[in-house]
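Report on the structure given below.
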Amino acid sequence: MTLPQRINGVLRRIPAWPIYIIGPVPGLWVFWLALNNRLGPDPLQVLEHSLGERALQFIILTLLITPILRLTRVSLLKFRRSLGVVAFIYVLGHLLTWVILDQQLSLAAIWTEIVKRPYITIGMVGFLAMVPLAVTSNNLSVRRLGPALWRRIHKLAYLAAFAGAAHYLLLVKAWPTEPIVYAAIVVSLLAIRAWWAFSRRAR
């Protein structure tokens, strides 16, 4: 038995459901710190950025699963759905923090910001791309839509990842390391997938 086969044997015995519980914990912790005024002079901004960054981290984790499988034969596919759902939870938390706490539910102000600021426009595109992913992340949707259509819908994950990385990169006024690193990782992962798709068509 090869090493990947041994690892896959161990992974098969590990359930995916704890991710739904453990994954949101860091976000809840930051929210608790914000409620207790322990995030510095601008807790709202720290909360927004923390939830958005965590969302991008989980999106990247979902994108890593296929390259890991193809390069190492270690299968983490059973965890992809739960990671994706947790990513959407963080994106939704990030958006609701901005809509409710920052913009005070003012539809006029929200619309003005979306139209005026490119990074918010791109962020909304990423959120809208993730909605059908979250809605169809269940076995019932796979059966009703069919595997082929379901897979096409879930290619929106690439758009969501690119939009999330671009949103973060354009959000910052300076050029700190974190958004650049995240953007580089996302672009690299999408480029790898594009190359694989091109190679399949060229055969």
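What the table below lists for this structure:
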{"read-out": "Förster radius 35 Å - calculated FRET efficiency between residue 188 and residue 29, Cβ distance, rounded to 0.05", "value": "0.70"}
{"read-out": "FRET efficiency for residue 14 and residue 109, using Cβ-Cβ distance with R0 set to 45 Å, rounded to 0.05", "value": "0.50"}
{"read-out": "Within-12-Å neighbourhood charge of residue 161 [Cβ basis; K, R +1; D, E -1]", "value": "+2"}
{"read-out": "Cα gyration tensor shape for the stretch 3-202, rounded if a/c is under 1.5, else prolate or oblate", "value": "prolate"}
{"read-out": "The stretch 3-202 - percent relative contact order, Cα under 8 Å, separation 6 or more", "value": "20"}
{"read-out": "Largest-first ordering by accessible area, 1.4 Å probe, given options 61, 28", "value": "28, 61"}
{"read-out": "Residue-wise HN-Hα coupling along the stretch 133-143, computed from phi with Karplus coefficients 6.51, -1.76, 1.60 (Hz; x: Gly, Pro)", "value": "5, 5, 5, 9, 7, 7, 5, 4, 5, 4, 5"}
{"read-out": "Accessible area expressed per residue, the stretch 3-202, with surrounding protein chains retained (probe 1.4 Å, Å²)", "value": "60"}
{"read-out": "Efficiency of FRET between residue 2 and residue 92 - r from beta-carbon atoms, R0 45 angstrom, step 0.05", "value": "0.65"}
{"read-out": "Cα shape, the stretch 83-203, gyration tensor, a/c 1.5 rule", "value": "oblate"}
{"read-out": "Residue-averaged 222 nm ellipticity for the chain, from DSSP H runs of 4+ at -39500 (n - 2.57), nearest 500", "value": "-25000 deg cm²/dmol"}
{"read-out": "Derived scalar couplings ³J(HN,Hα) [the stretch 94-103; Karplus, 6.51 cos²θ - 1.76 cosθ + 1.60; whole Hz; x for Gly, Pro]", "value": "4, 5, 5, 4, 5, 5, 8, 7, 7, 8"}
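The values are calculated or read from the model by the stated rules, or taken from the named source; none is laboratory data. Everything numeric in this text was worked out from a predicted model, so none of it was measured. Counting neighbours? That spans all protein chains shown, and the Cβs are built from the backbone with ideal geometry, glycine included. Just so you know, the surface numbers come from the protein's heavy atoms only, side chains and all, with ligands and any DNA or RNA stripped out. Shrake-Rupley method; radii C 1.70, N 1.55, O 1.52, S 1.80 Å.
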